[in-house]
Amino acid sequence: MTNIANTFDSMFKDFGRYYVGSEDLINRLSKIHDDANRCVTNYPPYNIKKTGENTYQIEMAVAGFSKQDIDIELKEDKLIIIGKTGEDSLDKDADFLFRGIANRAFNRTFTLSDQIIVNDAELINGILKIFLEKIIPDHKKPRKIQVNDTSNQQLLTE
């Protein structure tokens, strides 16, 4: 088991008494933790907003990138955003005294829940917006369970 799984074990020693089948969740959290710590970068900066009860939005600052420079791919539970940049011919000939605007490629990965779908993406004024929605399947929605009384059926058959 990895560190996060051990942390869960020590923090919630009775976790298994209340959550049946939680091993997959703990393993998934452990994998997310390991993936996140492998390559931590702050570029490009981003926000994750909850815009409704079941809707989310990822906003990423990608000034200088056009929509042709950005690839968005959903692979299994990973949302992968790749920004490709070619050396601008004007930049090659420029004699910079100071270069503070980042013009570099990036690769940003987000792990999505199984219930999250990507609805749309748009690039507005240097901000990439990705619209997400949480779809709750019917079998996961709250419902009442009827309790049957079998004692009356047994009396009628006797």
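The values are calculated or read from the model by the stated rules, or taken from the named source; none is laboratory data. Keep in mind that this is a model prediction, so the values were computed, not measured. Cβ: placed from backbone, ideal geometry, glycine included. Neighbour counts: every protein chain shown.
What to note about this one:
- Check on Arg108, of a type in the set (Lys, Arg), closer than 25 Å to Asn42 by Cα and either touching a residue at least 24 places away in the same chain (Cβ under 8 Å) or surrounded by 15 or more Cβ atoms within 10 Å (Cβ to Cβ) (or both): yes
- Checking each residue in the stretch 54-69 for being of a type in the set (A, V, I, L, M, F, W, C) and under 23 Å from Ser113 (Cα atoms) picks out Ile58, Met60.
- Single residue of the stretch 54-100 satisfying the filter (modelled with pLDDT of 90 or more and acidic (Asp, Glu)) that is nearest to Thr111 (Cα to Cα): Glu73
- Residues being modelled with pLDDT under 90 and assigned to a strand (DSSP E or B) - total across the stretch 111-122: 1
- Odd one out for Leu25, checked against (1) of a type in the set (A, V, I, L, M); (2) loosely packed, with under 14 Cβ neighbours inside 10 Å; (3) modelled with pLDDT of 80 or more: (3)
- Filtering the stretch 71-83 to residues that are in contact (Cβ under 8 Å) with a residue 12 or more places away in the chain and in a strand (DSSP E or B) leaves Asp71, Ile72, Leu74, Lys78, Leu79, Ile80, Ile81, Ile82, Gly83.
- Matching residues in the stretch 62-71 - criterion: being surrounded by 15 or more Cβ atoms within 10 Å (Cβ to Cβ) and among the aliphatic types (A, V, I, L, M): Val62, Ile70
- Candidate set from the stretch 123-150 (those that are at pLDDT below 90 and among the acidic types (Asp, Glu)); member that is nearest to Gly83 (Cα to Cα): Asp138
- Residues within the stretch 54-70 that are under 11 Å from Leu128 (Cα atoms) and assigned to a strand (DSSP E or B), tallied: 6
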